[in-house]
Amino acid sequence: MKRLKEFGYFMGFISMSLAGVLIFVLIPFADVVRRSFMTVMSGEFAGLNNYKTVISNQAFRLAVKNTLHFVGVAIPLLVVIGLAAALVLSKIHDISVIKSLYLFPMAMPIATVVIVWRMFFYKQDFNSLVISYLWKNTGYTIVLWLAGIAAIPNELIEAARVDGANRFQCLIFVKLPCLKGSVYTIVILSFLNSMKIYREAYLVGGSYPGKDIYLLQHIFNNWYVNLEFDKMAAASVLVAGVLFVFILLFQYYSQNI
Amino acid sequence: MASETVTKFIFIAAGIVICAPVFLVVTGSVMGQGDLYECLEPVFMHGTGFVSWKLIPQYPTVENYFHLLFYSPEFFVLFWNSVKLVSLILLGQMVVGVPAAWAFATYQVRGKNVIFTVYVVLMLLPFQVTMLSSYLTLDRLSLLNTHWAVILPAVFSTFPIFVIYGGFRSIPKALIEAARIDGAGELYIFFMLGIGIGKGGILSALVLGFLEYWNMIEQPFAFLEDKTLWPLSLYLPEISWMQAGFAFAASVVMLIPAVFVFIMGQDYLEQGIVYSGLKG
């Protein structure tokens, strides 16, 4: 009885959100899955044809390659730079000014960023994209790491010191293992923010930017503009599926380390 | 400690470099045509070389702002579009998201973890992946090319739920139990205890949300054809280089509310970042 009641309350509070998510995302996404197996014009069953078209599409392959390249370079860089800065900052008192300075790019309107970008990175290449990402997100990452470092029990570090561990040993054997829990969060949020780099890439480079920075988002946008919904549907299902599996695996591993 | 001062100095110096774009935009906004042309010419005319920049303009002028305020009625329309979109999105997110976060934080029910994981995945899906499904729904509801096409999907974003949830998690379970024993109803507990103690998370979600939607690009681009419906964030990058001064002044106007929210909400911004750490 109590369980049923609790379930009722839970559903009551979450109902609006759940209804919205179902109406605006989940049900239409099911429709997208259905469309991914059909031709766009006549609506006939097309089997895996759309998927085959998408996977063999040169532009799609380029976009996947570039996106993976970006994610693979930018996220580790951001995570490591953020950690290094946070480790130093965690020993300094009164760092609120520093944190403000590093967080400020989050408040900077994208148009401002783009103006400055055009002034200095007229090349619009891969590196400028990475720099722009680091510039915007380092503060965010530092704050997350600092929260993780603050949660390490002081006694643990003191005990290690008493046992004769030097600073470096303390870092490797005590602090870093304690921070493993933060990695999941930080990587997930860095990924979330890495997808937003498309704004800069698009605003500076347009729909067809340099070959190095043609991202997945570009190709989706171009298909959308050209009404190539069959390809878009198949690619949406592919990307969502890969992300879903990746997140589950990542969640599983980070819980079982 | 001397070494601490040195480290601090290095970090602050780097931080000032990080914030430099603001100075560039502000000084650019008070430069006249001639000054700007001289500074920007190497890049925009020849595509090579570097811009030269004067920290203090030789002949400061307010002509750009004058032009913006008195000769650009469309600017105000777009500015108010931005204000309207952002306020309605944030309002909607709170109405929908605060109770949802409360549900996650307070009740232990079967299947909660499944919904939670689905929400995490939805949060991480890039806009473009769900663009087609949003388009199909908005088309069916005949909302395309109206402000609702941008507002409604954003209202049901799952990101703010995790931030608000972070605030609710800090409320001790024992406190809620005690209120129940005293005979308080669930709604009463939610409004008095939940929102009272968990308002940090709510404010954090508002600050993060403001900074996000004030800079919206993809959603209005995909769902708003009529340029008079556009928010400022989408319009500004379209200003051509012949009007650089105007673009700078417009950027400054766009920057002011963001800076205001940033300064007022700085603590909540930090807290929000930590809260978004989605611990299940």
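All of the numbers you see were taken from the coordinates with simple rules; none came from a lab. Keep in mind the model is a prediction, meaning the values are calculated, not measured. Cβ placement follows ideal geometry from the backbone for every residue including glycine, while neighbour counts extend to all protein chains displayed.
What percent do you get for the relative contact order of chain B when only Cα pairs under 8 Å and 6+ apart count?
So the answer I get is 28 percent.
First measure r as the distance between the Cβ atoms of A:Phe7 and A:Asp94, then evaluate 1/(1 + (r/R0)^6) with R0 = 60 Å and state the FRET efficiency to the nearest 0.05. Before the final figure, lay out each step's value.
Working: r = 48 Å, r/R0 = 0.80.
Plugging the Cβ-Cβ distance into 1/(1 + (r/R0)^6) gives 0.80.
Need one value for A:233-242: mean number of C-beta atoms belonging to other chains within 10 Å of its residues' C-beta atoms.
3
In percent, how large is the relative contact order of region A:36-255, given Cα pairs closer than 8 Å and 6 or more residues apart?
34
Which ordering of B:Glu38, B:Glu186, A:Glu200 is given by a fewest-first count of other beta-carbon atoms within 10 Å?
In increasing order of surrounding Cβ atoms, one gets B:Glu38, B:Glu186, A:Glu200.
Compute the acute angle (0 to 90°) between the alpha-carbon long axis of helix A:180-194 and the principal axis of greatest extent of the alpha-carbon atoms of chain A; round to the nearest 10°.
40
Please label the shape of chain A as rounded, prolate or oblate, based on the square roots a ≥ b ≥ c of the eigenvalues of the alpha-carbon gyration tensor (a/c under 1.5 means rounded; beyond that, a/b larger than b/c means prolate, else oblate).
Cα axes put chain A in the oblate bin.
Return the single residue from B:Ala103, B:Ala249, B:Ala14 with maximal mean-square fluctuation; model: Gaussian network over chain B, springs between Cα atoms under 10 Å.
Answer for the Gaussian network model of chain B: B:Ala14.
For region A:86-101, just list the computed ³J(HN,Hα) in residue order, Karplus coefficients 6.51, -1.76 and 1.60, θ = phi - 60°, integers in Hz, with x standing in for Gly and Pro.
5, 4, 5, 5, 5, 9, 9, 7, 6, 10, 5, 5, 4, 4, 4, 4
Using the count of nearby Cβ atoms within 10 Å as a rough guide to exposure, how do B:Trp102, B:Trp214 rank from fewest to most?
By the 10 Å Cβ count, ascending, the order reads B:Trp214, B:Trp102.
Of A:Lys196/B:Lys227; A:Lys231/B:Lys84; B:Lys8/B:Lys173, which ones are farther than 30 Å apart at the Cα?
A:Lys231/B:Lys84; B:Lys8/B:Lys173
Set the Förster distance to 51 Å, then compute FRET efficiency between B:Lys227 and A:Ala84 from the Cβ-Cβ distance, nearest 0.05.
0.70
Based on the mean of other Cβ atoms within 10 Å per residue, sort peptides B:166-175, B:195-204 so the most packed one is first.
Put in order of decreasing packing, that is B:195-204, B:166-175.
With chain A treated as a Gaussian network of Cα nodes joined by springs under 10 Å, which of A:Leu87, A:Leu144, A:Leu48 yields the largest mean-square fluctuation?
Of A:Leu87, A:Leu144, A:Leu48, the Gaussian network model singles out A:Leu48 as fluctuating most.
Calculate for chain A the 222 nm mean residue ellipticity that helices alone would give, adding -39,500 (n - 2.57) per DSSP H run of length 4 or more and normalising by residue count, nearest 500 deg cm²/dmol.
That calculation yields -23500 deg cm²/dmol at 222 nm.
Need one number: nm distance between label points at B:Phe260 and B:Leu175, each 7 Å from Cα along Cα→Cβ, rounded to one decimal.
In this crude label model, B:Phe260 to B:Leu175 measures out at 3.2 nm.
What is the mean number of Cβ atoms from other protein chains located within 10 Å of the Cβ atom of each residue in peptide B:130-142, rounded to a whole number? Write down the numbers at each step before the final one.
Values: counts 8, 8, 15, 15, 5, 5, 8, 7, 2, 1, 2, 2, 0.
Going residue by residue through B:130-142 and averaging, the value is 6.
Given H placed on each backbone N at 1.01 Å, which residues far from A:Met38 in sequence or on other chains put an amide H within less than 5 Å of it?
Under 5 Å from the amide H of A:Met38 lie the amide H atoms of A:Ala46, each far enough along the sequence or on another chain.
With springs only between Cα atoms under 10 Å apart, run a GNM on chain A and tell me which of A:Leu227, A:Leu179, A:Leu189 wobbles the most.
In the Gaussian network model the winner is A:Leu227.
I'd like the FRET efficiency for B:Phe9 and A:Lys180, computed as 1/(1 + (r/R0)^6) with the beta carbon distance as r and R0 of 41 Å, rounded to 0.05.
0.80
Give me a comma-separated list of calculated 3J(HN,Hα) values for region B:134-148, in order, Karplus coefficients 6.51, -1.76, 1.60 applied at θ = phi - 60°, integers in Hz, x for any Gly or Pro.
Couplings: 4, 4, 4, 5, 4, 5, 5, 8, 6, 9, 4, 6, 10, 4, 4 Hz.
Across 10 Å bins from the origin, how do the percents of Cα pairs in chain B run, short distances first?
P(r) over chain B, rounded to whole percents: 6, 21, 26, 23, 16, 6, 2, 0.
With θ taken as phi - 60° and the coefficients 6.51, -1.76 and 1.60, list the Karplus ³J(HN,Hα) couplings across region B:192-208 in order, rounded to whole Hz; mark glycine and proline as x.
Each residue of region B:192-208 in turn: 7, 6, x, 5, x, 7, x, 5, x, x, 5, 5, 4, 5, 5, 5, 4 Hz.
What are the extents of the Cα atoms of the protein assembly as shown along their three principal axes, listed from largest to smallest and rounded to whole Å?
76, 75, 47
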